[in-house]
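Structure first, then comments.
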Amino acid sequence: MSSAPDRAVVIGASAGGVQALLALLPALPADFPWPIFIVLHVPADRSNVLAPLFEAQCGLEVKEAEDKEPVRSGVVYFAPSDYHLLVEENGDLALSSDEAINYSRPSIDVLFESAADAYGEGLIGVILTGANNDGAAGLKAVHAAGGVALVQDPTAAYARTMPQAARQACNAALVLPLERIADYLKGLERE
Amino acid sequence: MPHQTEDIEIGLLLEALYQRYHYDFRHYARASIKRRLLQARSHFNMPSLTALQERVLHDPEMLPRLLGFLTVQVSEMFRDPGYFRALREQVLPHLRTYPSLKVWIAGCSAGEELYSMAILFREEGLFDRTLFYATDINPDALRAAEAGIYPLDRIRKFTENHQKSGGRSSLSDYYTADYGRAVFDKSLRANVVFSDHSLVTDAVFAEMQLISCRNVMIYFDRGLQDRAVGLFRESLARHGFLGVGSKESLRFSRHAAAFSEFVPEEKIYRKREA
């Protein structure tokens, strides 16, 4: 579909992720031109509060992703709990209840790998704080498809395992402190 | 680009499966089917999807093994307890007015949802007047559903879900524990027809009061989802009910106008009058 956006941002976060995203997302302008897809690991019974929580803090529209939903620019989509979120090449979102990957459903790898197929060099992948290895393979796929790979500086992250694993899997990833990531994304927009 | 080559291989492999075995995954949502095929490729140690295609074309014994990857579905009994509570409290009071009932569990996989539904109907006193159809395309899944045996370590979650759904009995009334397995009572499948049926290629086979098809159509592309919802629409009696997965929606479907939202938060729809 030609109307689907040709760039997008994918973000993965786990332990400490709510705080990190509360620092990152509100710093993006209300007219941010690309869709943002997020997998955040949280206990299943708490996940449906994510979209309202962030919507109240952000200039951007924030919602939980629905199956077969056409992607729109400037919207933040959270993966629903207990489902994987994928992006189709035609620009629709897709959910799956396939088994957990690395004990995670939603899985950051599943989102990042499908988005890398869909957006190629138009994709920006961001791995934030977390205490497991999810997202490392995904970030590598983002880079391999020509996209931009970003990692939160592990030394300053709430939990460093996830950004560290992502950096190890993807040497080319740019390591940034959390407070610089929003600026970096805004800078890409001006390119 | 290797990425494009892989897409060509996926298209050819799905076409081969269809022409050779009449299993039609050509209109499944591509991102998920691709993941599953790549998992199968690495599981079977194939250098490429083309090699996997050659193997399955020439070796029919590969088919069920590959189907295991393409149709794998993990469910639980009373998954999304709120759904079963809504059926119990809001849908069954309507069904109670019928002298006989037909219920279709479409894409029943290993049967967790079927047994949940049978227990619900028994608790509510509707079991004896109900005929259940449990269908799937995977013969191994159908055999597992017909057997009704689950590892005991899954029972704790099943029991918790059953309680949250408003269960009026104890789940342990319905199974016997045996060497680490829970064997569900065969009386629960006394009124069940297990059948090979494809939402992709097969037609309407009976008139239903309730159809439950959860987390099956998320694997279809939009055109195929339209076909399946159309099939449900034709299969439902007047004012019949359709339940879909908690994150699925008829909103993006061609048939959206044919249904009203009966319990919106649990994704239970009701067929409008024609």
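Here, each number is a calculation from the coordinates, and none is a lab measurement. These numbers come from a predicted model, not from an experiment. All Cβ positions, even for glycine, are placed from backbone atoms using ideal geometry, and neighbour counts span all protein chains on display.
In the protein assembly as shown, what % of DSSP beta bridges are antiparallel (nearest 5)?
If I count the DSSP bridges inside the protein assembly as shown, around 35 percent turn out antiparallel.
For region B:46-151, the orientation-averaged shadow of the C-alpha convex hull comes to 8.7 nm² (one quarter of the hull surface). For region B:208-274, the list of GluC sites (Glu not before Pro) that fall in a loop by DSSP and count at most 15 other C-beta atoms within 10 angstrom reads B:GLU273. Within the listed set B:VAL204, B:VAL216, B:VAL244, the residue fluctuating most in the Gaussian network model of chain B (springs between alpha-carbon atoms under 10 angstrom) is B:VAL204. Derived scalar couplings between HN and Hα for region B:13-27 equal 5, 5, 5, 5, 4, 5, 5, 7, 10, 6, 8, 10, 9, 5, 10 Hz in order, rounded to whole Hz, by the Karplus curve 6.51 cos²θ - 1.76 cosθ + 1.60 (θ = phi - 60°), x for Gly and Pro. Remark: spin-label model distance B:ASP185-B:GLU61 equals 4.1 nm, labels positioned 7 Å along the Cα→Cβ axis. Close amide H partners of A:GLY135, meaning residues 5 or more places away or on another chain with modelled amide H under 5 Å apart, are A:ILE108, A:ASP109. In this structure, the amide hydrogen of A:LEU174, modeled 1.01 Å from its nitrogen in the peptide plane, lies closer than 5 angstrom to those of A:ALA149, A:LEU150, A:VAL151, counting only residues at least 5 positions away or on a different chain. Rounded to 0.05, the FRET efficiency of the B:ALA203 and B:PHE44 pair, given R0 = 41 Å and the Cβ-Cβ distance, is 0.75.
Computed on the Cα trace of region A:1-73, the radius of gyration divided by the Kirkwood hydrodynamic radius gives Rg/Rh = 0.96. Binning the C-alpha pair distances of chain A at 10 Å intervals from 0 yields a P(r) profile of 10, 42, 40, 7, 0 %, listed from the shortest bin outward. Qualifying trypsin sites (Lys or Arg not before Pro) in region B:130-236, where qualification requires a DSSP coil assignment and no more than 16 other C-beta atoms within 10 Å, comprise B:ARG168.
Please give the per residue volume of the convex hull enclosing the alpha carbon atoms of region B:228-274, rounded to a whole number of Å³.
Working: hull volume 3.1 nm³, N = 47.
In region B:228-274, the Cα hull volume divided by residue count equals 66 Å³.
For region B:89-164, the Stokes-Einstein estimate of translational diffusion at 4 °C and a viscosity of 1.567 mPa s comes to 96 µm²/s, using the Kirkwood hydrodynamic radius over alpha-carbon pairs.
Loop-located chymotrypsin sites (Phe, Trp or Tyr not before Pro) in region A:32-128 (DSSP state other than H, G, I, E, B) with a sparse environment of at most 12 neighbouring Cβ atoms within 10 Å: A:TYR103. If you wrap the Cα atoms of region B:2-70 in a convex hull and average its projected area over all directions, you get 4.1 nm². Paramagnetic label reach from A:ASN171 (point 7 Å along Cα→Cβ; backbone nitrogen cut-off under 20 Å): within region A:129-165, residues A:136-154, A:163-165. Across region B:201-252, the volume of the C-alpha convex hull divided among the residues equals 79 Å³ per residue.
When the helix-only estimate is applied to the protein assembly as shown (DSSP H runs of n ≥ 4, each -39,500 (n - 2.57), divided by the residue count), what is the mean residue ellipticity at 222 nm, nearest 500 deg cm²/dmol?
-10500 deg cm²/dmol
Per residue, the convex hull spanned by the Cα atoms of region B:141-220 amounts to 145 cubic angstrom.
Give me, ordered by chain and number, the residues 5 or more places off B:TRP104 or on other chains with an amide H under 5 Å from its own placed amide H. The answer is B:TYR133, B:LEU210, B:ILE211, B:SER212. The calculated Kirkwood hydrodynamic radius for region A:73-145 is 12.5 Å, given to one decimal from all distinct C-alpha pairs. Largest first and in whole Å, the equivalent-ellipsoid semi-axes of the protein assembly as shown read 39, 25, 22, each the square root of five times a Cα gyration tensor eigenvalue. Karplus-derived 3J(HN,Hα) values for region B:228-233, using 6.51 cos²θ - 1.76 cosθ + 1.60 with θ = phi - 60°, are 5, 5, x, 5, 5, 4 Hz; glycine and proline are entered as x. Can you tell me how region B:81-271 classifies by the Cα gyration tensor, rounded, prolate or oblate, using a/c under 1.5 as the rounded cut? Prolate, because a/c is 1.5 or more and a/b exceeds b/c. If both residues of a DSSP beta bridge must be in region A:1-158, then about 20% of such bridges are antiparallel. The value of relative contact order for region B:1-157, using C-alpha pairs under 8 Å at least six residues apart, is 18 percent.
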